[in-house]
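Visitor: A single structure is presented below for examination.
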Amino acid sequence: MDSCEVLIVGGGPAGSACAWALRNRGCDVVVMDKATFPRDKVCAGWITPAVLAELSIDPREYAQGRVLQPITGFLTGTIGGSTVLTEYGRIVSYGLRRCEFDHFLLQRCGARLRLGEAFHAARQESGEWIVNDAVRAKWLVGAGGHFCPVARQFSETALPHDDPAPVILAQEVEFEMTGAQQAACDVSGTHPELYFCRDLKGYGWVFRKGNVLNIGLGREHESRLSEHVAAFCDFLHARGRIRFALPTRFHGHAYRLRTQVPCVSASNVLLIGDAAGLASSHSGEGIRPAIESGLLAASALIESSDPATVVTQYAARLQARLGMERAETLSHWLPSAARIWLGQMLLRNHWFTRHVVLDRWFLDTKQSALSL
Ligand SMILES: Cc1cc2nc3c(=O)[nH]c(=O)nc-3n(C[C@H](O)[C@H](O)[C@H](O)COP(=O)(O)OP(=O)(O)OC[C@H]3O[C@@H](n4cnc5c(N)ncnc54)[C@H](O)[C@@H]3O)c2cc1C
């Protein structure tokens, strides 16, 4: 039987970040993932520069042979309404492809990899975890994303019973444009476009990353998502942003927004990333909290050998770092009757768009990169 100190289930950004930090301190780590890499993940692939800083990734090095689209501004507005162009004149974000980024992170993390192997079950034996009757580990880290099987197995103890966290349902398509399609696409790589739904319960995006186009839309608790996605595509065509037929097959996925930091541990188990439901309730940004929770879990594991201390430290640090987000999206600010009218007005305003929507909600400029 294979054995290790920490078994991480899930090799996405959360799992890789945690493994990388543990391996840097000499810990014996195994990452198990049901997929073989490179694998894709439904995601727009937008990151803030803090993500690269937190993992000591040099953007120039990463960009060798991979897509890393610098972003220096945004075009924002409402679907069907007017738009605002915000210029920063410097790099404030990047666009990347998850099939490349996740593979890169997993390869550099230095852990032993068990890929193409799904987590089925864990049982305890002499104070250690036996997973799939194949791996023995002191600690189990659940990094399996929104449908994480570890979170599910321990949901009785690890997550609140009536979890009130809102779930975002999203659909997107990402594809490499042909030469003719590039000529018929007015979306600029340096200026991604974000269009809020008229009721402010979600937004659509168009990201161009080099010759790759990513289009999607996410909404809270949405049962008629496909209709919203179709209406969004019609809008992009009507505005002339895209003048060619879009693929009809969009991929769906879900993630939970953080409204409070959930209880993220059971006996010798920690949950990180989407498995713990940590995406920003303002923007839906999930990669950065996934990475930060992975790093925080690793630091707690490195600093103490006492399970109770590890759990307390991890929960406290997560709370200090991610638990303070206020529920201040437009839809929370405004009563529903006033929402459409006031929302359209605010999103036409250059000051509000730059300082509240972009700086505060999407770029989180006040929060510097996590340094441990
Ligand atoms: C449409 C959409 C667009 C998004 N756009 C952005 C964006 O632009 N920027 C941003 O910051 N966030 C975005 N997000 C959120 C972001 O994608 C997630 O928050 C992020 O991927 C979370 O990382 P993770 O490592 O926790 O989980 P994941 O990236 O989901 O990785 C989980 C891993 O666990 C593995 N796994 C699952 N089940 C098992 C099992 N049984 N056994 C073994 N392995 C298993 C999976 O194969 C996967 O590799 C978006 C989400 C969606 C749905």
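The values are calculated or read from the model by the stated rules, or taken from the named source; none is laboratory data. Treat the numbers as computed from the prediction; the structure is a model and nothing was measured. Positions of Cβ are backbone-derived with ideal geometry, glycine not excepted, and every protein chain shown enters the neighbour counts.
Visitor: Taking into account only those residues within segment 1-45 that are within 19 Å of Phe207 (Cβ to Cβ) and surrounded by fewer than 22 Cβ atoms within 10 Å (Cβ to Cβ), which is farthest from the ligand (Cβ to nearest atom)?
Guide: The selected residue is Asp40.
Visitor: Shifting gears a bit: For segment 171-271, give me every one of the strands (runs of 3 or more DSSP E) that falls completely inside it and has 1 or more residues that are of a type in the set (Lys, Arg) and under 30 Å from Glu5 (Cβ atoms).
Guide: 251-256
Visitor: Working carefully through the options Arg123, Arg60, Arg108, find the one that is at pLDDT below 95 and of a type in the set (Lys, Arg).
Guide: That would be Arg123, the only listed residue that is at pLDDT below 95 and of a type in the set (Lys, Arg).
Visitor: Does segment 223-236 contain any residue that is within 30 Å of Tyr314 (Cα to Cα), touching a residue at least 12 places away in the same chain (Cβ under 8 Å) and within 11 Å of the ligand (Cβ to nearest atom)?
Guide: no
Visitor: Got a sec? Which of Gly145, Gly65, Gly116, Gly89 is under 22 Å from Ser280 (Cβ atoms) and of a type in the set (Gly, Ala, Ser)?
Guide: Checking each option against the conditions leaves just Gly145.
Visitor: Considering only segment 52-61, I want to know if a residue exists there that is free of Cβ contacts under 8 Å to residues at least 12 places away in the same chain, hydrophobic (A, V, I, L, M, F, W, C), closer than 24 Å to Ala298 by Cβ and away from the ligand (no atom under 11 Å from the Cβ).
Guide: Yes, the conditions are met somewhere in segment 52-61.
Visitor: Can you tell me how many residues within segment 273-294 are crowded, with 24+ Cβ neighbours inside 10 Å, more than 7 Å from the ligand (Cβ to nearest atom) and either hydrophobic (A, V, I, L, M, F, W, C) or over 18 Å from Leu105 (Cβ atoms) (or both)?
Guide: The qualifying residues number 4.
Visitor: Additional query: What's the number of the only condition in (1) without any contact (Cβ under 8 Å) to a residue 40 or more places away in the chain; (2) surrounded by 19 or more Cβ atoms within 10 Å (Cβ to Cβ); (3) not aromatic (Phe, Trp, Tyr) that Thr48 fails to meet?
Guide: Of (1) without any contact (Cβ under 8 Å) to a residue 40 or more places away in the chain; (2) surrounded by 19 or more Cβ atoms within 10 Å (Cβ to Cβ); (3) not aromatic (Phe, Trp, Tyr), only one is false for Thr48: (1).
Visitor: State which residue is modelled with the highest pLDDT when the search covers only segment 237-268 and only residues that are within 16 Å of the ligand (Cβ to nearest atom) and of a type in the set (D, E, K, R).
Guide: Arg249
Visitor: Another one. Determine whether Ile79 is touching a residue at least 24 places away in the same chain (Cβ under 8 Å), in contact with a Cys (Cβ under 7 Å, 6 or more places away or on another chain) and closer than 30 Å to Val356 by Cβ.
Guide: Yes.
Visitor: Follow-up. Looking for something crowded, with 22+ Cβ neighbours inside 10 Å, part of a helix (DSSP H, G or I) and under 19 Å from the mean Cα position of the chain (by Cα) - is there at least one such residue anywhere in segment 51-63?
Guide: Yes, some residue in segment 51-63 is crowded, with 22+ Cβ neighbours inside 10 Å, part of a helix (DSSP H, G or I) and under 19 Å from the mean Cα position of the chain (by Cα).
Visitor: Could you list, in sequence order, all residues of segment 93-125 that are within 26 Å of Ser267 (Cα to Cα), near the ligand (Cβ under 10 Å from one of its atoms) and in contact (Cβ under 8 Å) with a residue 40 or more places away in the chain?
Guide: Arg114, Leu115, Glu117, Ala118, Phe119
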